[in-house]
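Colleague: One structure, as structure tokens, below. Some questions next.
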Amino acid sequence: MSTKNRVFKSVFPGKYIQGEGVMGELPEIMKSFGEKKMILSSRSVKKNILMEHLDTFKSDGILVEEFGGECTEKEIDRLRNLVLINRIDVLAGTGGGKVIDTAKIVADMTNIPVIIVPTIASTDAPVSGCGVIYSETGVFKSVYYLKMNPQVVIVDVRVIANAPVRFLVSGMGDALSTWFEARSCERTQSMNACDGYSTQAGLSLAKLCYDTLLTYGSMAKMACENKLITPALHRIVEANTLLSGIGFESSGLATAHAVHNGLSALPETHDYFHGEKVAFGVLTGLHLTDASPAEMETVYKFCEEVGLPTTLKELGVVNLNTENLMKVAVKACEPQESIHHEAGEITPEKVLFAMMAADKMGNYRKYHG
Ligand SMILES: [Zn+2]
């Protein structure tokens with residue numbers, strides 16, 4: 001195929017800082033962007049994590065604003081007005097995915113730089129250039145695309161090590177999808193998540209992400225369970241956040257995230273984390289794309305070792321009849337879904353069989369393995 005009309009694209013955060021105690025550097029970094037500074041934080045993060053820094057923030061003239069709880073149009077409007085009235089020069093968002101997305105969108109709308117300080121390593125949202133907007137009742141509404149990715153991402157590994165381990169493991173599930181989805185997009189020459197074709201940079205970071213998970217995933221989990229900051233934990237935090245973030249945006253999505261979206265058709269899966277559902281989507285993708293038995297063995301074993309779901313039951317799905325699961329498969333195959341980045345024609349029936357095969361193999365390994 002000719003590459004004449006293909007446009008290759010990659011997106012990156014401006015700066016990525018990861019270390020122990022780097023949260024303390026936030027005021028200094030904010031200062032370099034301007035005089036008037038605001039931090040958006042959830043109530044629990046403010047109380048439990050920012051506490052020791054609040055006096056410094058105050059003396060540095062930083063406004064600390066509490067997040068309303070959901071990334072909705074109403075909340076975005078409220079914060080946008082606050083930024084404009086106070087003539088804020090730079091906004092930081094600290095917390096989980098929703099606070100991060102809200103800070104990114106508000107800063108983009110008001111044309112000011114944004115600094116992202118995730119307090120958990122559960123998704124690759126901190127470095128990405130998009131945010132998800134929900135309705136007042138918490139239902140997915142739309143994806144907002146930013147002009148630029150965040151200017152600075154600050155990841156304090158001490159904070160991550162003290163967060164519940166389930167977040168880190170879920171982040172590994174999200175990161176696990178990166179290489180497989182990138183590989184599918186490369187095979188079929190499908191567009192990535194920033195409206196271009198995969199660069200070599202995107203693809204090789206996606207591969208490095210996968211290799212890092214396989215080598216250091218279990219060790220990092222053990223470290224986090226015991227609140228220990230180790231080189232393995234550092235590597236996995238980087239894989240979950242930076243490598244996975246650049247990897248998915250610059251190399252594209254495929255089956256895993258489409259199955260994740262499909263699972264939202266079943267209310268019983270709603271309490272499970274993004275990365276947990278994505279991990280099951282990875283397993284489905286292996287069956288759908290005829291992955292080698294050796295590769296299946298590697299991926300199932302990894303999921304079992306770190307504690308990612310390998311069966312539908314572990315995602316709350318107990319009704320395994322065809323009709324129920326078909327709802328997931330149909331949703332995963334909607335025309336706009338990234339599952340169509342896979343080779344060949346993808347139909348709900350094929351996806352249904354792949355999901356059931358993924359689940360059966362997960363069960364078989366658990367009880368007969
Ligand atoms: Zn994801």
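The values are calculated or read from the model by the stated rules, or taken from the named source; none is laboratory data. Worth saying up front: this structure is predicted, and the values here are computed from it rather than measured. Positions of Cβ are generated from backbone atoms using ideal geometry, with glycine treated the same way; all protein chains shown enter the neighbour counts.
Colleague: State all residues of the stretch 32-61 that are modelled with pLDDT of 95 or more and surrounded by 13 or more Cβ atoms within 10 Å (Cβ to Cβ); if no residue qualifies, say none. Break it down stepwise before answering.
Modeller: Initial filter on the stretch 32-61 (modelled with pLDDT of 95 or more): 32-41.
Of everything in the stretch 32-61, those that are modelled with pLDDT of 95 or more and surrounded by 13 or more Cβ atoms within 10 Å (Cβ to Cβ) turn out to be Phe33, Gly34, Lys36, Lys37, Met38, Ile39, Leu40, Ser41.
Colleague: Out of the residues in the stretch 272-293 meeting the condition of being more than 27 Å from Ala121 (Cβ to Cβ) and in a loop (DSSP other than H, G, I, E, B), tell me which one is nearest to the ligand (Cβ to nearest atom).
Modeller: Going through the qualifying residues, I end up with Thr289.
Colleague: Suppose the filter is of a type in the set (Lys, Arg) and under 22 Å from Leu253 (Cβ atoms); does Lys366 pass it?
Modeller: Values: of a type in the set (Lys, Arg): yes; under 22 Å from Leu253 (Cβ atoms): no.
Against the criterion (of a type in the set (Lys, Arg) and under 22 Å from Leu253 (Cβ atoms)), Lys366 does not qualify.
Colleague: Only one of Tyr300, Tyr272, Tyr210 is touching a Lys or Arg at 6+ places or on another chain (Cβ under 8 Å) and not assigned by TED's automatic domain parsing to the domain that holds Met148; which?
Modeller: Numbers: Tyr272 fails: touching a Lys or Arg at 6+ places or on another chain (Cβ under 8 Å); Tyr210 fails: touching a Lys or Arg at 6+ places or on another chain (Cβ under 8 Å).
Within the list Tyr300, Tyr272, Tyr210, the selection yields Tyr300.
Colleague: Another one. Working carefully through the options Ala193, Ala175, find the one that is out of contact with any strand residue (DSSP E or B) (no Cβ under 9 Å at 6 or more places or on another chain) and buried (at least 17 other Cβ atoms within 10 Å of the Cβ).
Modeller: Working: Ala193 fails: out of contact with any strand residue (DSSP E or B) (no Cβ under 9 Å at 6 or more places or on another chain).
On inspection, the qualifying residue turns out to be Ala175.
Colleague: May I ask you to say which residue of Lys350, Lys301, Lys366, Lys313 is of a type in the set (Lys, Arg) and touching a Leu at 6+ places or on another chain (Cβ under 7 Å)?
Modeller: None of the other options fit; the residue is Lys350.
Colleague: Moving on to the next point. Please go through the stretch 84-115 and pick out each residue that is more than 16 Å from the ligand (Cβ to nearest atom), within 18 Å of Glu66 (Cα to Cα) and β-branched (Val, Ile, Thr).
Modeller: Within the stretch 84-115, Ile85, Ile88, Val90, Thr94, Val99, Thr102, Ile105, Val106, Val114, Ile115 qualify.
Colleague: Has the stretch 239-260 got any residue that is over 22 Å from Val7 (Cα atoms) and out of contact with any helix residue (DSSP H, G or I) (no Cβ under 7 Å at 6 or more places or on another chain)?
Modeller: No - not one qualifying residue is present in the stretch 239-260.
Colleague: Further question on the same structure: For Ile116, are the conditions met, namely being more than 23 Å from Phe280 (Cβ to Cβ), outside the structural domain of Thr289 (by TED's automatic domain parsing), β-branched (Val, Ile, Thr) and not in a loop (DSSP other than H, G, I, E, B)? Break it down stepwise before answering.
Modeller: Values: more than 23 Å from Phe280 (Cβ to Cβ): yes; outside the structural domain of Thr289 (by TED's automatic domain parsing): yes; β-branched (Val, Ile, Thr): yes; not in a loop (DSSP other than H, G, I, E, B): yes.
Yes, satisfied.
Colleague: Mind checking whether some residue in the stretch 294-302 is within 16 Å of Leu213 (Cβ to Cβ), within 16 Å of the ligand (Cβ to nearest atom), in contact (Cβ under 8 Å) with a residue 12 or more places away in the chain and not in a loop (DSSP other than H, G, I, E, B)?
Modeller: Looking through the stretch 294-302, none of the residues is within 16 Å of Leu213 (Cβ to Cβ), within 16 Å of the ligand (Cβ to nearest atom), in contact (Cβ under 8 Å) with a residue 12 or more places away in the chain and not in a loop (DSSP other than H, G, I, E, B).
Colleague: Can you say whether Asn192 is modelled with pLDDT of 95 or more, polar (S, T, N, Q) and under 19 Å from the mean Cα position of the chain (by Cα), as far as the supplied structure shows? Outline the logic, then answer.
Modeller: On the way: modelled with pLDDT of 95 or more: no; polar (S, T, N, Q): yes; under 19 Å from the mean Cα position of the chain (by Cα): yes.
Against the criterion (modelled with pLDDT of 95 or more, polar (S, T, N, Q) and under 19 Å from the mean Cα position of the chain (by Cα)), Asn192 does not qualify.
Colleague: Return the pair list, or none, for Cβ contacts closer than 7 Å from residues in the stretch 313-327 that are closer than 14 Å to Ala265 by Cα and in the same structural domain as Thr284 (by TED's automatic domain parsing) to residues that are surrounded by 16 or more Cβ atoms within 10 Å (Cβ to Cβ) and charged (D, E, K, R), at least 6 apart or on different chains.
Modeller: Listed pairs, sorted by first residue: Leu315/Glu276; Leu315/Lys277.
Colleague: Consider Val143 against the criteria (1) in the same structural domain as Tyr300 (by TED's automatic domain parsing); (2) without any contact (Cβ under 8 Å) to a residue 24 or more places away in the chain: it satisfies all of them except one. Which criterion is unmet?
Modeller: Val143 satisfies all of (1) in the same structural domain as Tyr300 (by TED's automatic domain parsing); (2) without any contact (Cβ under 8 Å) to a residue 24 or more places away in the chain except (1).
Colleague: Same structure, new question: Consider only pairs whose beta carbons are under 7 Å apart and that are at least six residues apart or on different chains; among these, list those whose first residue lies in the stretch 177-193 and is of a type in the set (Phe, Trp, Tyr) and whose second residue is surrounded by fewer than 24 Cβ atoms within 10 Å (Cβ to Cβ).
Modeller: So the pair list comes out as Trp179/Lys207.
Colleague: Those residues that are more than 12 Å from the chain's Cα centre (by Cα), surrounded by fewer than 23 Cβ atoms within 10 Å (Cβ to Cβ), of a type outside the set (Val, Ile, Thr) and in a helix (DSSP H, G or I), I need them from the stretch 156-172; list them, please.
Modeller: Arg158, Arg166
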